Structures are given as structure tokens and as C-alpha cells.
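One structure below.
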Amino acid sequence: MEKLGLAPSDFLILIVDDTEANVILLSHVLKAEGFNIMVAFNGADTLEILEARKPDLILLDVMMPEMSGYEVCSRINEIDDLKHIPVIFLSALSETSNKVEGFESGGVDYITKPFQKEEVLARIKNHLYLAKLQKEREEQIQILKEREAELENLNRKKDSLIRMVSHDIKNPLVGIVGITKMINERPDMLEQQKKEMLEAVEKSGAKLLDMVQTMLDNDSSNSFKEELNTRLVYLDKLIERVISVNKPKAIFKEIGLGIVDTDFEGSMILDEEKIEVLLNNLVSNALKFTPKGGKVSLSFSHEGDHGLFKVSDTGIGIPEESREGLFSAREDVKREVVLGTSGEKGTGLGLDVVLKYVSLHNGKIWVESKVGEGSTFYIQIPTEKR
């Protein structure tokens, strides 16, 4: 047994027999080999012992009063915590039908009495080895299942990340392409106008390049973590970046985009990247659903022990029936495709990312809206102390 990497002293064997002489003989043989021993003299005692302690193998007599070995084995195999324990029957009954009944009740082997010491030890060691292999197999299967679940989870996070980044990159690019087209189609454009537009394109493009580089530089495993990386953030710089990356789209759609009522001395402990992502989502959506000549504004203020972000627009508004499930991350929530004011498709899919990042900050989000007048999204984040 040692050749297989197994030491008898590592195993506990339960002997069940109503004849004391048989128990003494088996105990002597197994102890001399180095095994640890427990004994029981009937079926009821066996089941009671198994509630407190689980052996690695059971040697079970068939002919016992009140409860036969077959019944005991059947009961053992009905219990999840016990059914993996190999049971070897020891019996004077040598008919084939007796052996078949033993196997059908859940036994792994059947030894007829009078038994030979060498045979009993060989069978015990063989089944202990097989049980060890089975246990290792089940452990490997469990590890593989856990790894599969982890990979599925990582794939879901990867898909969410790709969708989020695509959303963040796509919206500013619409504005950049639109402005470029506008400049090419309007050769009579004033140089000052052209300069302002190109500056907006340059700032927005630089921000997009920075976003892509950050994605490539980050370790992929860290990119998928739904955890906060908080630090002290100055809100004026954060909000100005959000404005600059969305400016080309605002210029292209001829929508006023700016900052109002913002505490430029304000700072908070936040995950800066996640807050920037969610604000970009809200601003780009506001631009999508605001018509030419409208306004979109972004602001921040301290409200007691909370910081409050507001994204307001003078757009088409959100009907009350469409607000249900607006911030839901559930996949079964149906999202109606709504066209923006320039024909852009919008399903609100970016809002599940917004909700996720607000929730990670233990914050709240809500919307006030009137059809035909516009909407205001509120994000309330508790102030974290250092």
C-alpha cells in the first residue's frame, strides 16, 4: 500500500458484525497492519456512529438481527455524506443471489466466510486506493467546474467592458467625424469657427487615445474587476474632461454643452475612471436625445454628506412608462430601440453600466423628466472620509 503512496494509519475502517469473535479477529488483523478501527455490533449502532464520524471503508456483516447488512448498506447509500464510503460485505452466505443482492444494495465487494487474511487485506487496500482515486477525480471535476464558472464570469465582464468602451468611444467619434465632414463641406466657414472646431476635435481625440491606452496598459484581470480604486478627485478637472470628450458631438448637432452651478473647489474620494465613464454615458445620451439648438449641462455640488452630479438637457424627455427598468442591469428587461434627434439608435444599454458604478459607490440615481421639455439625471454619492 505504501508503494501507492498510502499509509494504513491514514485510514479509518468500521467493522460491523453481531458476532464478537469476528469483530475481535478482524480488529486484530487490521490493527496489526496499521489501520485505525471502529466497531459496531448492529445496524442501528452503525448508523448512529456514522452520524458522528465517517470512516474510509466499512466491513459489513450480512446476517444481523433487526436490520440486515443489505438494509444498512441501502440506508447508507441514501445519505449524500455517506454514499461515497466503500462497503465490503463479509458473509457466510455464498450463493450468487446473495452476492448480487449485496451489490444491488450498494456494496463494492463481497467476501465469503471463512475468509483469508491476505484476501481481506488485498481487497481493503484495493478499494481504499480506488476510493482515493475517485475522491481526487471528484475534486478535479469540482475545480474544473469552478474554473469554468470563473471563466464564464470573466467573459461576461469582458463583454460588458467591451460594450462599455465601445459606447464611450463611439459617441465622441460621431462628433469628430461630423465636424470633419462639416469643415470639408463648408469651405466658407470662418477661420475662428474652424479653429474652435478643430481644437474640440483635438481634445476629444486625445481623450479617446488616452482611454484606449489606459485599457491596453491595464492588466486584463484588473480590468474586469468590479471593485473601486478610489482616490481624492478634483471635480472641476473631471467634469471638464467629460465636456471636452463630448464637445465635438455637441458642435456637430449644434447643441450648447457646458458646466453650470459647479463647485469648482469641490473634491471627493471616488473611483475617478468609473465616475468619468458614467458621466460620459449620461452626457452622450443627453446629446443624443436633444434637438438642434438645445442645451445640455453638467454640474456638481456638495449636499451635506453627499456629492450631487446633475446632467440636464432640453431634449425630447422620457415618457413615464419608459422609465420602468431604465437603470436595470437585468438581461430580461426589454429595451425599446429609440431614435435620437438625428436618427441615432438608443436602447439605454449604457445605463446599466451607470447603475453598476453608482451602486459600487453606494450611491443613488434617479431621473426627473417631462416629455417635450427635457430630463435631468441625478447621481448622489456619499462623501468618503480619509
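The values are calculated or read from the model by the stated rules, or taken from the named source; none is laboratory data. The structure displayed is predicted, hence computed values, not measured ones. Because the Cβ atoms are built from the backbone with ideal geometry, glycine has one as well, and the counts that use them run over all protein chains shown. Each accessible area value is taken on the protein alone, full model and side chains, heavy atoms only, with ligands, DNA and RNA left out. Shrake-Rupley method; radii C 1.70, N 1.55, O 1.52, S 1.80 Å.
Residues in segment 112-138 that are surrounded by 12 or more Cβ atoms within 10 Å (Cβ to Cβ), without any contact (Cβ under 8 Å) to a residue 60 or more places away in the chain and in a helix (DSSP H, G or I): A122, R123, N126, L130, Q134, K135. Kindly establish whether S94 is part of a loop (DSSP other than H, G, I, E, B), closer than 29 Å to E20 by Cβ and of a type in the set (S, T, N, Q). Judged against the criteria, S94 is a match. Residues in segment 260-271 that are modelled with pLDDT of 90 or more and either closer than 15 Å to F377 by Cα or open to solvent by 10 Å² or more (accessible area, probe 1.4 Å) (or both): I269 only. Applying the selection to segment 9-56, what residues are among the hydroxyl-bearing types (S, T, Y) and more than 43 Å from the chain's Cα centre (by Cα)? Answer for segment 9-56, where residues must be among the hydroxyl-bearing types (S, T, Y) and more than 43 Å from the chain's Cα centre (by Cα): T19, S27. If you check N285, N280 for being in contact with a Leu (Cβ under 9 Å, 6 or more places away or on another chain), in a helix (DSSP H, G or I) and modelled with pLDDT under 90, only one passes: N285. Within segment 337-386, restricting attention to residues that are assigned to a strand (DSSP E or B) and among the small types (G, A, S), the residue that is modelled with the lowest pLDDT is G346.
Residue check: I251 meets all listed conditions (1) of a type in the set (V, I, T); (2) under 36 Å from the mean Cα position of the chain (by Cα); (3) assigned to a helix (DSSP H, G or I) but one, namely (2). Scanning for something farther than 30 Å from V353 by Cα, open to solvent by 70 Å² or more (accessible area, probe 1.4 Å) and part of a loop (DSSP other than H, G, I, E, B), does segment 139-146 turn up at least one residue? Looking through segment 139-146, none of the residues is farther than 30 Å from V353 by Cα, open to solvent by 70 Å² or more (accessible area, probe 1.4 Å) and part of a loop (DSSP other than H, G, I, E, B). For K194, the criteria (1) open to solvent by 70 Å² or more (accessible area, probe 1.4 Å); (2) modelled with pLDDT of 75 or more; (3) more than 31 Å from the chain's Cα centre (by Cα) hold in every case but one, which is (1). The set of residues in segment 97-111 being in a helix (DSSP H, G or I) and either open to solvent by less than 40 Å² (accessible area, probe 1.4 Å) or at positive phi (or both) consists of N98, G102.
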